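Visitor: First the structure, then my questions, so here it is.
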Amino acid sequence: MIAGISIYEILTVTSILFFIGIYGFITRKNLISVLISIELILNASVINFVVINKYLYPDMLQGVIFSIFIIAVAAAETALAVSIIINLYRQISSVEVKDTEIMKY
Amino acid sequence: MNISYIILIPLVPLAVFLLLGINSQKIKPAISGYIGVLGLSISAALSLYTAYQYFLVQGKVDGVYQTFVSKTVWMKFTETLHIDMGILIDPISVMMLVVVSIVSLMVHIYSRGYMKGDEGYTRFFAFLSLFSFSMYGLVLATNLFQIYIFWELVGVSSFLLIGYYYTKPSAVAAAKKAFIVTRFADLGFLIGILIMGYFAGTYDFQTLNNPEGSVILNWASTSFMGLSVITWALLLIFMGGAGKSAMFPLHIWLPDAMEGPTPVSALIHAATMVVAGVYLVARLFPMFYFVENGFALNIVAYVGAFSSLFAAIIAITQTDIKRVLAFSTMSQIGYMMLALGVSGYDGHEGVGYMASMFHLFTHAMFKALLFLCAGSVIHAVHSNYLKDMGGLRKYMPITNITFLIAALAIAGVPPFAGFWSKDEILVAAFEHNMLIYYVGVFVAGLTAFYMFRIYFGIFWGKEKEYEHAPHESPKSMTFPLLFLAVLSMVAGFIPFSEFVSPDKVGFEAHLNYPLAAIATSVGLLGIILAWIFYKKENSLSDRFAMAFGPFYKWTSDKFYFDEIYLFITKKILFNNVSAPLAKFDKKYVDGTMEGVGNKTVWLSGKIKGLQSGKVQDYAFSFVMGAVIIALVFIYLWTN
Amino acid sequence: MEKYIFYILSFIIIAFAVASVSSRKMLRSVIYLLFVLCGIAGIYFLIDYNFLAAIQLTVYAGGIIVLIIFSVLLVHHIEMELEMAKVSRKILTALVCSLGLGVFLYTIYNNEFVVVENQITTSTADIGGKLLSYDAGGFILPFEVVSVLLLAAMIGAIIIAKGRKLNDKNEEAL
């Protein structure tokens, strides 16, 4: 518990963080920037888990443990994404989103 | 009586068909001929065994031939209305089994010689087996729908075999003509079946034909345009039969069907398939007889009599020997129809029915023989036309003798087979309808005349110059000739009336001497006339043709029926009905469909940019959609 | 006191997040992300989840950020300026995002959270016991699954990054 801070304020902050992440995900033109935006989104949700655990169910640890799992998954995801980006750069010498749209119509 | 083995009779030819049809490229022609003959031999042996068992071992129970049925329900519509598949054994189906198997076996044996060296030899035997299978199925059918299925199957086999020489345009045209004309007739058949299903509530022959059954007793319950609906159904079913049996006015396909190989003409267009119409009427005979007091049966009689006369007249003037035989077939089938038409039901009254079946039996033998002889002649001189033949008796003694026997049989000279059956027909006609009797006698004379016209034309007269001297056909071809000739001589002595009669009781048939004498003398008169005209080449026939003038011309052009039909279809139907419909179809139906297609392509082109391949665009759409859905839910929940 | 620290942290988080998604220099963007992550770690400290905060710092700030910086340095010139999206697209996205934020906040503020007042401090031992417990409510199975996942990701990352150079054959495919 943070003295004087209600759950609403924390959730507001995480919501803002979440939508900043989404904004970045949609508008950024670079694959690494997109990856950064994804990290923001993930972190916003991790904070939510933790905060809800703390404020609503303080005698349990589910939220915390899930946060740990999310962090682990995020690490795995980042490692894979980075390897894909490096591979892609080797193949087409670019990490721009516009160069990776061969899956279009 | 155990009838389960009878299922093998159609199934063996089917197996042969599948074997030869699927492996037609792999099997050597010599072997395929043996396979075909072997398959048919098994069927023929089983058929003869069945006939022996049925007529002689089993015999009558309480004075009546029993009907054996083994069937399974295939499609069930209501409690009584269902389509079954099965086999029905009664006197006429057993008789037809014998006819089909004997003629089919003989034709198979004959074809081994006749088709030798022909391309597609294996295919030919495959189609023959398919035909045999279909014909057996038709004969053994237990209900209207099953008979219809096999009816179409024989139509298809006939189409395939007429168009066997598919590189020849005339054969292709003939095959199409036969198929289209018979299909048109079968449309009537199908409508008749459906009417029967709706108003009678059953397709089953036994239920329909039961003289005390509800269908026959209640025929008057529903009427349409002054006639009972059941009568209408019967007339439509008869239309199908008339198409298959080449009755006037649906006869135009039969002469053209002679484009097929001659064994096919012998099997399909003389002995078996074309009598399917007669068999169909005989199969439904109690209905034809009892419903509306035999109104439909009268129609059958008059159609048969007219076709018989009409075809006999045309046959006189034709110069293609196979066409003469085709018109002769049509004429003789007309005979069978008229015999059915004048038949009664009980006891001796049923002489017409019995005579019709008898004539079907004997006619199958001697007409198949005539065709096979004609095939043998054609094989020797490589021409169908009478003008290319003459004096062949020296070169082809066996063909000569067998042809003579067959011609005597069809002319009704005692003691050959045709005499007995024709006599019974004339007796039946004499007892019931004098007009039809006179027609019958006149046709008998015409038959003798045209048959001996071609006999003398082929085997007597002046020898023509042949490219290479004609010779007798090989043994595989003469054996069936001799076998059928023997049958044509003795078949008349079978006590047919004991076996086949409408009420299945059987009766004693006696020769009616005055009538027999009249018929025979008319036949002899025809033969003598032919002798005078054609024995030696002379100008007498030409002078007679001149004397008849335009009538002769009409006749030799088959009364212009082909031209009339062509005019009706091409000029009137195609121009005034089909062309506007085609235009409508193209412009509006196709136009709508194509418009839908084009618009879809156009729209897709416009919106394909949505699938940009960029995950971010998809994410944007996803987020927007999620937000909108959330807004909608919030709106709904708060209100 | 804690209240103000929270406000400061929140400000840091949001400000650097905005900077991170709008900076035109790649490396700066990553460093801004690092600040965001540190701010989040601060919030974990504030609500007494010290272990989690430590994980946040070591795994995120220490691991992931380093990984991303590596990839940035491998594929970018430091001075390269990033291409930006079209203004119309930015505005549209911003609109949709603020709409979504509105929906979120509306939902959050309309929900009655049953807050339990507490001052419990969770120790690392508690978390470890829970993670490795196989009693009811234990997390041993997901723990093992995650460890296998990490292994798979590691192998996958190596295989993918090792890659093959483009040859004539697969050039056409691209």
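Taken together, the values in this text are just the output of simple stated rules run on the coordinates, not laboratory data. These numbers come from a predicted model, not from an experiment. Positions of Cβ are backbone-derived with ideal geometry, glycine not excepted, and every protein chain shown enters the neighbour counts.
Visitor: Report the Stokes-Einstein translational diffusion coefficient (µm² s⁻¹, integer) for region B:434-475, Rh taken as the Kirkwood radius over Cα pairs, at 20 °C with viscosity 1.002 mPa s. Write out the running numbers ahead of the final one.
Guide: Values: Rh = 13.2 Å.
Approximately 162 µm²/s, per Stokes-Einstein.
Visitor: Okay, moving on. So what are region B:318-419's ellipsoid semi-axes, whole angstrom, largest first, if each one is the square root of 5 times an eigenvalue of the alpha-carbon gyration tensor?
Guide: Details: eigenvalues 199, 39, 15 Å².
They are 32, 14, 9 Å, listed largest first.
Visitor: Just tell me which lysines come within less than 22 Å, Cα to Cα, of residue B:26; anything on the same chain fewer than 8 places away is out.
Guide: B:116
Visitor: Then there is this: Shape call for region B:266-315 from the C-alpha gyration tensor, a ≥ b ≥ c root eigenvalues: rounded (a/c under 1.5), prolate (a/b greater than b/c) or oblate?
Guide: Working: a/c = 5.63, a/b = 1.42, b/c = 3.96.
Cα axes put region B:266-315 in the oblate bin.
Visitor: With helices defined as uninterrupted DSSP H runs, which ones in chain B have an alpha carbon span along their own long axis of at least 27 Å and mean Kyte-Doolittle hydropathy of at least -0.5? Let's see the in-between values first.
Guide: Working: long enough: B:29-51 (33 Å, 1.34); B:91-114 (34 Å, 1.52); B:121-140 (29 Å, 1.32); B:169-199 (45 Å, 1.30); B:295-317 (34 Å, 1.99); B:321-341 (30 Å, 0.97); B:351-381 (43 Å, 1.38); B:434-459 (37 Å, 1.67); B:513-534 (31 Å, 1.82); B:615-638 (34 Å, 1.72).
Passing helices, by number: B:29-51, B:91-114, B:121-140, B:169-199, B:295-317, B:321-341, B:351-381, B:434-459, B:513-534, B:615-638.
Visitor: Would you compute the Debye intensity of region B:121-231 from its alpha-carbon atoms alone, equal scatterers and no solvent, and pass along log10 I(q)/I(0) at q = 0.10, 0.20, 0.21 Å⁻¹ to two decimals?
Guide: Per q value, in the given order, log10 I(q)/I(0) is -0.42, -1.03, -1.08.
Visitor: Another question about this same structure. Karplus couplings for region B:66-83 from phi (6.51 cos²θ - 1.76 cosθ + 1.60, θ = phi - 60°), rounded to Hz, Gly and Pro as x?
Guide: Residue by residue, region B:66-83 yields 6, 10, 10, 10, 9, 8, 10, 6, 9, 10, 10, 9, 9, 4, 9, 8, 8, 9 Hz.
Visitor: Considering all projection directions equally, how large on average is the shadow of the alpha-carbon convex hull of region B:256-402, in square nanometres?
Guide: Values: hull surface 36.4 nm².
Mean shadow area of the hull around the Cα atoms is 9.1 nm².
Visitor: Only helical DSSP H runs with n ≥ 4 go in: add -39500 (n - 2.57) per run for the protein assembly as shown, normalise by residue count and round the 222 nm mean residue ellipticity to 500 deg cm²/dmol. Please list the in-between numbers first.
Guide: Details: 39 runs with 622 residues, N = 918.
Rounded to the nearest 500, the figure is -22500 deg cm²/dmol.
Visitor: Which residues' amide hydrogens lie under 5 Å from the amide hydrogen of residue A:30, considering only partners 5 or more residues apart or on another chain, with H built in the peptide plane?
Guide: Those qualifying (amide H under 5 Å, at least 5 residues apart or on another chain) are A:97.
Visitor: Taking every pair of alpha-carbon atoms in region B:405-479, what share in percent sits in each 10 Å bin, from 0 to the bin with the longest distance?
Guide: Result, from short to long distances: 17, 33, 27, 15, 8, 1 percent.
Visitor: Further question on the same structure: From zero up to wherever the largest Cα-Cα distance of chain B sits, split into 10 Å bins and tell me the percent of pairs in each.
Guide: Once binned at 10 Å, the Cα pair distances of chain B give 3, 15, 25, 24, 14, 7, 4, 3, 2, 2, 0, 0.
Visitor: For region B:77-147 and region B:576-639, what is the separation of their C-alpha centers, rounded to whole Å?
Guide: Taking the Cα centre of region B:576-639 as reference, the centre of region B:77-147 is 55 Å away.
Visitor: Helix by helix through chain C, keep the DSSP H runs that span 27 Å or more along the axis on Cα and average at least -1.0 on Kyte-Doolittle, and give those back in order. If you can, show how the numbers build up before the last one.
Guide: Details: long enough: C:2-22 (30 Å, 1.72); C:26-46 (30 Å, 2.10); C:87-109 (32 Å, 1.43); C:140-162 (33 Å, 2.26).
Membrane-span-like by this rule: C:2-22, C:26-46, C:87-109, C:140-162.
Visitor: Just rank B:156, B:615, B:351, fewest to most, by other beta-carbon atoms within 10 angstrom.
Guide: Details: B:156 14, B:615 17, B:351 27.
Sorted ascending by nearby Cβ count, the order is B:156, B:615, B:351.
Visitor: While we're here: Report P(r) for region B:225-317: all Cα-Cα distances, bin width 5 Å, range 0 to the bin holding the largest distance, values in whole percent.
Guide: Pair shares across the bins are 3, 13, 22, 22, 18, 11, 7, 4, 1, 0.
Visitor: Summing Lys, Arg as +1 and Asp, Glu as -1, what charge do residues with Cβ under 10 Å from the Cβ of residue A:61 carry, residue A:61 excluded? Provide the component values of the computation, followed by the final result.
Guide: Working: positive: C:130; negative: A:59, C:126.
Local net charge: -1.
Visitor: Rounded to whole Å and sorted largest first, what semi-axes of the equivalent ellipsoid does the C-alpha gyration tensor of the protein assembly as shown yield via the square root of 5 times each eigenvalue? Provide the component values of the computation, followed by the final result.
Guide: Values: eigenvalues 1860, 206, 144 Å².
Equivalent ellipsoid of the protein assembly as shown: 96, 32, 27 Å, largest first.
Visitor: Here is a follow-up. Arranged by the count of other C-beta atoms within 10 angstrom, fewest first, what order do C:37, C:95 take? List each step's numbers first, then the result.
Guide: Numbers: C:37 23, C:95 11.
Ascending number of Cβ neighbours within 10 Å: C:95, C:37.
Visitor: How much net charge surrounds residue B:576 when only the other residues with a Cβ under 13 Å from the Cβ of residue B:576 are counted, with Lys and Arg +1 and Asp and Glu -1?
Guide: The answer is +3.
Visitor: What is the order of B:633, B:179, B:499, fewest Cβ neighbours within 10 Å to most? Write down the numbers at each step before the final one.
Guide: Details: B:633 12, B:179 19, B:499 23.
With the sparsest Cβ surroundings first, the list reads B:633, B:179, B:499.
Visitor: Given H placed 1.01 Å from N in the peptide plane, which residues other than close sequence neighbours of residue B:74 have an amide H under 5 Å from its amide H?
Guide: B:83, B:84, B:85
Visitor: So, in nm, how far is label residue C:107 from label residue B:525 when the simple model puts each one 7 Å beyond its Cα toward the Cβ?
Guide: Between residue C:107 and residue B:525, the simple spin-label model gives 10.8 nm.
Visitor: With charges set only on the Cβ (+1 for Lys and Arg, -1 for Asp and Glu), what does the dipole of the protein assembly as shown come to about its Cα centre, in debye to the nearest 20?
Guide: Details: 58 positive and 56 negative charges, 554 e Å.
Value, rounded to 20: 2660 debye.
Visitor: Residue-wise, which Karplus ³J(HN,Hα) couplings in Hz belong to region A:17-33, taking 6.51 cos²θ - 1.76 cosθ + 1.60, θ = phi - 60°, and x for glycine or proline?
Guide: Computed from phi, the couplings for region A:17-33 are 4, 4, 6, 4, x, 5, 4, x, 4, 7, 8, 5, 9, 10, 4, 5, 5 Hz.
Visitor: By the scheme Lys and Arg +1, Asp and Glu -1, what is the net charge of all other residues having a beta-carbon under 11 Å from that of residue B:409?
Guide: On the way: positive: B:367, B:422; negative: none.
That sum, taken over residues with Cβ under 11 Å, equals +2.
Visitor: Please list the three semi-axes, largest first and in whole Å, of the ellipsoid equivalent to chain C, using sqrt of 5 times the eigenvalues of its alpha carbon gyration tensor.
Guide: One finds semi-axes of 34, 28, 18 Å for chain C.
Visitor: Between residue B:73 and residue B:38, what's the calculated FRET efficiency when r is the beta-carbon distance and R0 is 45 Å? Round to 0.05. Present the calculation step by step, with values, prior to reporting the outcome.
Guide: Values: r = 34 Å, r/R0 = 0.76.
After rounding, the FRET efficiency stands at 0.85.
Visitor: Under 5 Å between amide H atoms, partner at least 5 residues away or on a different chain: which partners does residue C:133 have, H built in plane at 1.01 Å?
Guide: C:139, C:140
Visitor: On average over all directions, what projected area in square nanometres does region C:1-100 have, based on the convex hull of its Cα atoms?
Guide: Numbers: hull surface 31.2 nm².
With every direction weighted equally, the projected area is 7.8 nm².
Visitor: How high is the relative contact order of chain B, in percent, with contacts defined as C-alpha pairs under 8 Å that are six or more residues apart?
Guide: Working: 1028 pairs, mean separation 76.3, N = 639.
The normalised contact order for chain B reaches 12 percent.
Visitor: Shifting gears a bit: Would you kindly calculate the mean projected area, averaged across all directions, of the convex hull enclosing the Cα atoms of region A:7-99, in square nanometres?
Guide: On the way: hull surface 24.0 nm².
Orientation-averaged projected area of the Cα hull: 6.0 nm².
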